[in-house]
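Only the coordinates and a few stated rules stand behind these numbers; no lab work does. Keep in mind the model is a prediction, meaning the values are calculated, not measured. Cβ: placed from backbone, ideal geometry, glycine included. Neighbour counts: every protein chain shown.
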Amino acid sequence: MRIILLGAPGSGKGTQGDMITTKYGFPRISTGDLLREEVVAGTPLGEIAKTAMERGELAKDELVIEMVDKRIQQDDCRDGYVLDGFPRNIPQAQKLEEIDRTREVVIEIFLEDAVVVKRLSARRICSSCGMIYNLLVKVPERMGVCDSCGGKLVQRDDDNPEVIQERLHVYHGQTEPLVEYYRRNGVFHRIDGDDTMQSVFEGICQVLDDALSETESQN
Ligand code: AP5
Ligand code: MG
């Protein structure tokens, strides 16, 4: 089963994706994280994606699709996986269906833009393990240090006011049409993201538990 987490920048896709991995064991595949790794490693792919990411625009479809295709063929994705930040437009969604025809469940974490801006301004991430923090609601025990691995906490380059606005603009223009696309396919669920992390997760678990028991009864 494929779980697709849709949602605006800062809506909590990474946070909830990690919670899904911990509870259900499906690996989380974040195209944003994969692209940032390529940028840090200075690969040709990273070089191409860097400018788009700094501006808050989408990287080229072919690059991202190839990266996802490679990743989902790995062994740990055999029983299912969680996609965080992919697909981000209808062509990516259609290509994904061609690559892997597995059953899909789409969950949109819905959040108003004003809340997004507040959350992203307070976000910090671990530069070593990628753990996500927030200076308002998920504060590290020691300022600037990751609780999990001791790595240095940093602010993402694209978490500045201008780029956040551009990312929101791109989300509403290019990614939001996927809501209607998946609604028509009958696999769409919307969860209110403006609640505690635990409450949002409970809503997601209800959707996933229903989907998993349906899959079991079909087998
Ligand atoms: P990506 O890394 O995917 O960024 P994004 O979509 O903008 O989403 P974020 O990672 O900013 O937010 P999130 O929803 O994961 O929220 P989080 O859990 O961290 O993409 C970056 C760039 O890569 C793109 O702009 C593009 O250039 C490129 N890219 C990626 N995928 C692509 C694709 N498919 N095609 C083309 N280009 C692509 O939470 C945010 C904050 O809120 C954290 O501080 C967290 O602690 C806090 N928080 C979470 N939940 C709650 C809660 N319930 N209450 C209070 N605070 C909360
Ligand atoms: Mg994320």
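For region 129-138, 3J(HN,Hα) computed residue by residue from phi via the Karplus equation (6.51, -1.76, 1.60; θ = phi - 60°) reads 10, x, 3, 9, 10, 8, 5, 9, 10, 9 Hz, glycine and proline entered as x. Of all DSSP beta bridges confined to the chain, the antiparallel ones make up roughly 30%. Each of 21, 205, 96 was scored by the projection of its Cα onto the charge dipole of the chain, and the greatest displacement toward the positive side belongs to 21; charges sit on the C-beta of Lys, Arg, Asp and Glu. Of all aspartates and glutamates in the structure, those lying under 13 Å Cα to Cα from residue 152, and not within fewer than 8 positions of it along the same chain, are 141. Computed over neighbours whose Cβ is under 15 Å from that of residue 140, the net charge equals +3, Lys and Arg +1, Asp and Glu -1. Once you have a ≥ b ≥ c as the square roots of the Cα gyration tensor eigenvalues for the chain, tell me rounded if a/c is under 1.5, and otherwise prolate or oblate according to whether a/b is larger than b/c. Since a/c stays below 1.5, the shape of the chain is classed as rounded.
When +1 charges are put on Lys and Arg Cβ atoms and -1 charges on Asp and Glu Cβ atoms, the dipole computed for region 112-155 relative to its Cα centre reaches about 100 debye. Taking a Cβ cut-off of under 14 Å around residue 106, the surrounding Lys, Arg, Asp and Glu residues balance to a net charge of 0, with basic ones at +1 and acidic ones at -1.
Dipole magnitude for the chain: about 380 debye, using +1 per Lys or Arg Cβ and -1 per Asp or Glu Cβ, origin at the Cα centre.
Charged neighbours of residue 164, selected by a Cβ distance under 11 Å, balance to 0 (K, R count +1; D, E count -1). Among 172, 189, the order by Cβ neighbours within 10 angstrom, fewest to most, reads 172, 189.
Within straight-line reach of residue 70, meaning a Cα separation under 20 Å, sit the following aspartates and glutamates at least 8 residues removed in sequence or on another chain: 33, 37, 38, 47, 61, 62, 79, 84, 97, 98, 100, 104. Taking every alpha-carbon pair under 8 Å whose residues sit at least 6 apart, the chain reaches a relative contact order of 28 percent.
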